[in-house]
């Protein structure tokens, strides 16, 4: 796990927003966070958030020490790209295909596919569209809350929804047990990161009760789930300072076969956020 490397890294303080609530094992009702009416007829609470100024440890100079399947994130060199939401669809698809190829070669995967993409920018124009985020024709603003993009149950549902009937029969319902993962890629376009960098929390520094299930319903395609994180002073956070547009990050959000270890099935998920 990454925590044993912590003394090697210098730190700076940054501000991250965390959900402000009781631990998950003490909650009476779930939380809802979306634009459309909840897909289930249940009573939900609206989450509230609190900003904390915390130390974030810089991995610059130690990038090669991190492995995706060991630490949950890794850093690679990759050719610079100059695409944006208004780029031709073929240009965006070409970039996605190249990144998927890198990941497939690195992980020796039987099948890799991209089911979604988005562009983010920290400016007033993107912020003004926060209420209509997920419109791929515009830049989204940076995420504010510390979160994991998929819960244990939600990740499996998401994978199934994007597989063909024959793929589901092979990878989900067949006699073989396949390892299924949801992996995010992150690379600056046009220029390097100047503010709101991506930050990662070492899963092994968190508690199960820190993870709060959030129900979503933001489009007609259906509902989803993710985790938002409660703050705890024992959590260890990392970032890559001065990330250039020739540096690519992969980070793990879901793993169906995490292996043995002290944690339960969400083992090796990475909490991430764009910090101030």
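In a fully extended conformation the segment linking residue 80 and residue 241 would gain 56.2 nm over its present Cα-Cα distance, using 0.36 nm per residue. One decimal place: the segment residue 118-residue 93 gains 7.8 nm when fully extended, by the rule 0.36 nm per residue minus the C-alpha distance. Between rounded, prolate and oblate, where does the stretch 71-135 land on the alpha carbon gyration tensor, with a ≥ b ≥ c its root eigenvalues, rounded for a/c under 1.5, else prolate if a/b exceeds b/c? It comes out prolate by the Cα gyration axes. Rg then Dmax, both in Å and based on the Cα atoms of the stretch 64-199: 16.6, 52.
No value in this document is a laboratory result; all are computed from the given coordinates. Keep in mind that what you see is a predicted model, and the values were worked out from it rather than measured.
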